[in-house]
Amino acid sequence: MPFTLSQQQSLLAQKGIGTTILKRLQEMGLDDVKQLAKTDPAFILERGAELTGSTCWRNSPQARKAIETAVNWAKTQCDVTTEK
């Protein structure tokens with residue numbers, strides 16, 4: 001189920017998370033809290049690099065921190081641990 005408006009607002013309130021991160025997660029099909037919570041940040045960064053055609057997603061410490069923040073936020077929303 002896609003993020004609710006309140007979930008979007010909550011995620012956007014996290015440090016380092018902006019509308020671009022939210023948009024990319026949605027483009028990747030990671031706009032579901034449970035799915036996001038189960039996804040490895042490294043996979044998200046790799047996928048982001050593929051979507052944008054830029055290595056910045058893969059190499060940027062800021063991007064890594066933002067994605068880790070998003071995944072951790074999702075885990076707190078549903079208490080799911082990452083599956084590998």
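The values are calculated or read from the model by the stated rules, or taken from the named source; none is laboratory data. Everything quoted here is computed from the prediction, not taken from an experiment. Note that we place each Cβ from the backbone using ideal geometry, even for glycine, and neighbour counts take in every protein chain shown.
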Next item on the list: Evaluate the stretch 44-55: report whether one residue or more is charged (D, E, K, R) and closer than 21 Å to Met1 by Cα.
Entry: yes
Next item on the list: Please specify each residue of the stretch 59-81 satisfying the condition of being more than 22 Å from Gln9 (Cβ to Cβ), over 13 Å from the mean Cα position of the chain (by Cα) and surrounded by 13 or more Cβ atoms within 10 Å (Cβ to Cβ).
Entry: Ser60
Margin query: Quick check on my filter: what residues within the stretch 13-29 are over 18 Å from Ser60 (Cβ atoms) and either among the β-branched types (Val, Ile, Thr) or surrounded by 13 or more Cβ atoms within 10 Å (Cβ to Cβ) (or both)?
Written below: Gln26
Margin query: So, in the stretch 35-75, how many residues would count as being over 14 Å from Arg24 (Cβ atoms) and touching a helix residue (DSSP H, G or I) at 6+ places or on another chain (Cβ under 7 Å)?
Written below: 6
Next item on the list: Inspect all residues belonging to the stretch 49-56 and state whether any of them is acidic (Asp, Glu) and either modelled with pLDDT of 95 or more or surrounded by 19 or more Cβ atoms within 10 Å (Cβ to Cβ) (or both).
Entry: no
